[in-house]
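K.L.:
Here it is, the structure, as structure tokens.
The values are calculated or read from the model by the stated rules, or taken from the named source; none is laboratory data. Quantities reported herein were computed from a predicted structural model and do not represent experimental measurements. Counting neighbours? That spans all protein chains shown, and the Cβs are built from the backbone with ideal geometry, glycine included. Calculation scope for accessible area: heavy atoms of the full protein, side chains included, ligands and nucleic acids excluded. Shrake-Rupley method; radii C 1.70, N 1.55, O 1.52, S 1.80 Å.
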Amino acid sequence: MSPQLTLQTPLQLPPAEIPTYLEQLWSHDERGDQGANTFCLIVWQPAWIEQKLVKTGKIPGPVVGSQRNDLIQAAREIILKGDLPNSTSPLDFRVQSSIQSEELIKNVEDLRGQHIDTSISNLQPRRLITIAPTIEEENNLETLVAAYCPLPEEGGGKTACGDVIVLRGNKTAINDGLKIVETLVPDELPSWLWWNGRIDEAPEFLNALALPSRRLIVDTALGEPIVCLNLLLQRIQSGQAVNDLNWLRLRGWRETLAMVFDPLQRRNALDNLQKIDIDIDGSQTVQGLLLAAWIADRLNWKLEKCIFSKTDQLKVSFLRPDKILVEIGITSLPIGKPSINPGQIVGLRLISKDKNKQKNDICVILASESGECMRLEAGGMARMELIEQVVPIQKNSLENDVARLLSSSRGNTSPLLASATPIAKEMLDLINQAK
């Protein structure tokens, strides 16, 4: 289904008049509808690359804030024609600075906050508040308000309506308008902040919006790894409910790996793991670190030392409960057509050797495609029992992933993420110290 627009043309109102307008909007509803009794979602939605591409005429408007196909294609072309490595993700922040134009197109239609994806509108949010910073240097704060109702499914029952509020302007204007945001969040409903941008791009706004009582959605694939893991760990330790889209995308790898070792005859192989190799797309290491940390946490390993540290390859050792060392390596591969999610795992190899020589050695290879399986088979695996599985890369839209979190979370951080994050952060600290 296609994204839905608000049912009325948004009204531009001074910030001080918005609360009164919203109160009148629902009190005067002819059906007596007071709006959905669900949740409030605040979205930081800069869409920097899309803004630049639209305003330079490289893709058609309007600006909507989604990862649309023409945006991804235009970004890939800029990478190929520019000075960026071919392995650069199409949504990498460096792409924006590589978009060249003498003058920006003025008066481009901007529908951020009004372009509601079906997967989110189906959850019938009570209020959507979009913070939409603009790339223009001079831009006064605009505040827009509108009511909306999800389109009813065929044969479906009554839908609950809500409203949308958009704050648009440059960062100075947005900062001036932030004080109105908290007055618009209903106290009686749970509220979420979806930080739909790099974690390290505007820490002052993130700190202002991500109140301790607010459920937080971030993507640790976007930003410097140390900043991403620092924020993730800090927020988890403070008791805030944190949801990481990067961790969500690991689900297929974790579930497949668990199923491989589920048969009773393979359980002992987990106790004899000696080497793990993780291949990632590009150089953003957080997803690889989180997967390694999850494995170490589940098997009760203790981080020992950093063995090797280079830009494209990292190696650390863990100590098993039986005092045997396990080596974990993370290798950055220069993928020709990289994922839109930096650091996406493309392959995983685990080698288990029975120290008592009573059972065959086992090599487990999980890969996103058969070519990666063949690459990981190299290196003396012929004498081992070989187990291979293909783990398809998820093709869900960003909005679908967010909707999954909104519909499934009960206001708590995943215990598995909470346990893995400190280990991932400790690994990165050790690696950075070795550089």
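K.L.:
Roughly what % of DSSP beta bridges within the chain run antiparallel, to the nearest 5?
P.N.:
Details: 38 of 75 bridges.
DSSP beta bridges in the chain are roughly 50 percent antiparallel.
K.L.:
On a straight-distance basis, which aspartates and glutamates could pair with LYS355 in a cross-link, Cα separation under 19 angstrom, same-chain partners fewer than 8 positions away excluded?
P.N.:
ASP271, ASP322, GLU327, GLU385
K.L.:
Could I ask something else about it? With each run of n ≥ 4 DSSP H residues scored as -39500 (n - 2.57), what mean residue ellipticity at 222 nm is computed for the chain after dividing by its residue count and rounding to the nearest 500 deg cm²/dmol? Please report the intermediate quantities before stating the final value.
P.N.:
Numbers: 15 runs with 149 residues, N = 435.
Computed ellipticity for the chain at 222 nm equals -10000 deg cm²/dmol.
K.L.:
Rounded to the nearest percent, how much of the accessible area of the chain (1.4 Å probe, protein heavy atoms only) is carbon and sulfur? Don't skip to the end; give the middle numbers.
P.N.:
Values: 9830 of 20290 Å².
After summing per-atom areas, the C and S share lands at 48 percent.
K.L.:
Treating cross-link reach as a plain straight distance, find the lysines whose alpha-carbon is under 21 Å from the alpha-carbon of LYS395, omitting any fewer than eight places away in the same chain.
P.N.:
Output for LYS395: LYS337.
K.L.:
Full extension from LEU325 to LYS357: what is 0.36 nm times the residue separation minus their Cα-Cα distance, to one decimal in nm?
P.N.:
Extending this stretch completely gives an extra 9.8 nm.
K.L.:
Oh, and also: What is the gain in length, in nm to one decimal, between TYR21 and LEU386 on full extension, counting 0.36 nm per residue of separation less the C-alpha to C-alpha distance? All intermediate terms of the calculation are to be shown ahead of the outcome.
P.N.:
Working: separation 365, 0.36 × 365 = 131.40 nm, distance 6.56 nm.
Between TYR21 and LEU386, full extension yields an extra 124.8 nm.
K.L.:
Another question, then. Run the numbers on the chain and let me know its relative contact order in percent, using alpha-carbon pairs under 8 Å that are six or more apart. Could you put the intermediate results ahead of the total?
P.N.:
Details: 819 pairs, mean separation 68.8, N = 435.
Reported relative contact order: 16 percent.
K.L.:
Near LYS435, which lysines are there with a Cα under 26 Å away, not counting those fewer than 8 places off in the same chain?
P.N.:
Filter leaves LYS275, LYS302, LYS305, LYS310, LYS315, LYS425.
K.L.:
A further question follows. Just to confirm, what accessible area per residue do you get for the chain at 1.4 Å probe, in whole Å²? Present the calculation step by step, with values, prior to reporting the outcome.
P.N.:
Values: 20290 Å² over 435 residues.
Spelled out: the 1.4 Å probe surface of the chain, per residue, equals 47 Å².
K.L.:
For the chain, report the translational diffusion coefficient in µm²/s to the nearest whole number, using Stokes-Einstein at 4 °C, 1.567 mPa s, and a Kirkwood Rh over Cα pairs.
P.N.:
On the way: Rh = 23.6 Å.
For the chosen part, D equals 55 µm²/s.
K.L.:
In whole angstrom, how far apart do the alpha carbon centroids of region 245-295 and region 80-99 sit?
P.N.:
After rounding, the separation between the Cα centres reads 30 Å.
K.L.:
I need the peptides 222-229, 387-394, 39-46, 83-90 ranked by packing, meaning the mean over residues of other C-beta atoms within 10 angstrom, with the highest value on top. If you can, show how the numbers build up before the last one.
P.N.:
Numbers: 222-229: 21.5, 387-394: 14.6, 39-46: 23.0, 83-90: 17.0.
In descending order of packing, they fall as 39-46, 222-229, 83-90, 387-394.
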